[in-house]
Amino acid sequence: MTALSARELRRTAALVREQRAATERTLRQRGFATLAVGLSFGLALVLAWAGGWRMGESRFQLLVVVGAACFAAIMVWALAPSRRQSMSEKSALAPLVLGALGDFDYLPGGRIAEEVLRRSRMFARWSDYTGGDLVRGEQEGLAFGYARAALTRGGPAKLESLVTTGKVKEVFRGAVLAVEGLPPVSGMAFALTRRDMAMDWLADLSAKTTGLRRRESGALEVWSVDPEAAGRLATPALAEAVAALGEAADADSVELCLDGTAALVKLRTRRPILPGIAEDPVDEARDLHREMKAALALVAALARGRES
């Protein structure tokens, strides 16, 4: 960062620390209130039972329903300051960090379009998709979007699956980088850092795609139906950029797909873009700076591959 942005960062971090302290005081106060309501609800159940109320009676069931609803409402009320603090930190820190890197948009509630994920075929079947912390803009003449994403199966969009399996299954959690404007490729091409992490979709895709096979191996394992597309992925510069982004995002694996004029990169990571838990907000801002710088470097590596 420049000296000016560093001063801004220190000033913003000081404000964030003050807000955190105030939020922690509020959370403690609301926690005591929540505990009091919970104890009162438990005491009311005990007294009702001692007074001859039984579970089968409508008045006892009404007491349980009303008490549970009140407790759920006060839990939401008690935790609301934590969510507001998280959004406040993101709104303060993320634009400051991005401003030191270039002219990019930050949308806390934005996400990569679901159709982009489906088109890549790099994800196992899912029913529900949530995302956030979208950074979008243009780098080296390529439009890109970078965001967090979570895919699950058996959630609200597929209640019958939830009833059948009895639980929600997590399909993917991590970061997604979508890039547009590349030269078209014939068919599809993939690059992987760890094949074992990609087998949930790679095995299925291999069975359905004629001619898809491993073309190169090394730091990146490349699969494609077109040798030319494989050559665009099997380069030391791209392998270095992929490894750097994986390390910056604390990802277990990185997978990249070329399809048509688009590229999609998925990183399996559980780290939020700004966790809001570090003792010093400056540390989180620097982590975000390093991650976004690595994401932009990967876009630049794809752009250089476009020119070769």
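Please treat every number below as a calculation from the coordinates, not as lab data. Quick caveat, the model's predicted, so the values are computed rather than measured. When we count neighbours, we look across all protein chains shown, and the Cβ atoms used for this are built from the backbone with ideal geometry, even at glycine.
Some observations on this one:
- What the phi angles of region 173-186 give under the Karplus curve with 6.51, -1.76 and 1.60, with θ = phi - 60°, is a coupling list of 9, x, 10, 10, 10, 10, 10, 10, x, 7, x, x, 10, 8 Hz, glycine and proline written as x.
- For peptides 69-81, 136-148, sequence by mean Cβ density within 10 Å, most packed first: 136-148, 69-81
- Applying 1/(1 + (r/R0)^6) with R0 = 35 Å to the Cβ-Cβ distance of GLU18 and ASP250 gives a FRET efficiency near 0.80.
- Distance (nanometres) between label positions extended 7 Å along Cα→Cβ at VAL66 and TRP49: 2.0
- Residue-span extension gain [ALA124 to ARG304] - 0.36 nm each, minus C-alpha spacing: 61.7 nm
- Taking the Cα atoms of region 3-89, the ratio Rg/Rh between the radius of gyration and the Kirkwood radius comes to 1.31.
- Helix 3-50 and the long axis of the chain differ in direction by around 40°, with both axes built from C-alpha atoms.
- Nearest-ten-degree value, helix 195-208 long axis tilted from longest Cα axis of the chain: 70
- Summary value for region 3-89: 46 percent relative contact order, contacts being C-alpha pairs under 8 angstrom separated by 6+ residues.
- Each peptide in 228-237, 291-300 was scored by the mean count of other Cβ atoms within 10 Å over its residues; highest first, the order is 291-300, 228-237.
- On Cα atoms only, tilt of 281-307 relative to the major axis of the chain in degrees: 30
- Ordering of 190-196, 210-216 by packing [mean C-beta count within 10 Å, highest first]: 190-196, 210-216
- log₁₀ of I(q)/I(0) at q = 0.15 Å⁻¹ - the chain, Debye sum with one point per alpha carbon: -1.17
- Hull-based mean projected area of region 157-307, where the convex hull spans the alpha carbons, in square nanometres: 11.0
- Separation of region 214-240 and region 184-199, taken as the distance between their Cα centroids, equals 9 angstrom.
- Among ILE112, ALA33, VAL66 the positive-end extreme of the charge dipole of the chain (Cβ point charges): VAL66
- The trypsin sites (Lys or Arg not before Pro) found in region 1-87 that occupy coil by DSSP, while having at most 10 further C-beta atoms within 10 Å, are ARG54.
- Helix-only mean residue ellipticity at 222 nm for the chain, each DSSP H run of n ≥ 4 adding -39500 (n - 2.57), per residue, nearest 500: -18500 deg cm²/dmol
- Counting only lysines at least 8 places from LYS266 when in the same chain, those with an alpha carbon closer than 18 Å to its own are LYS293.
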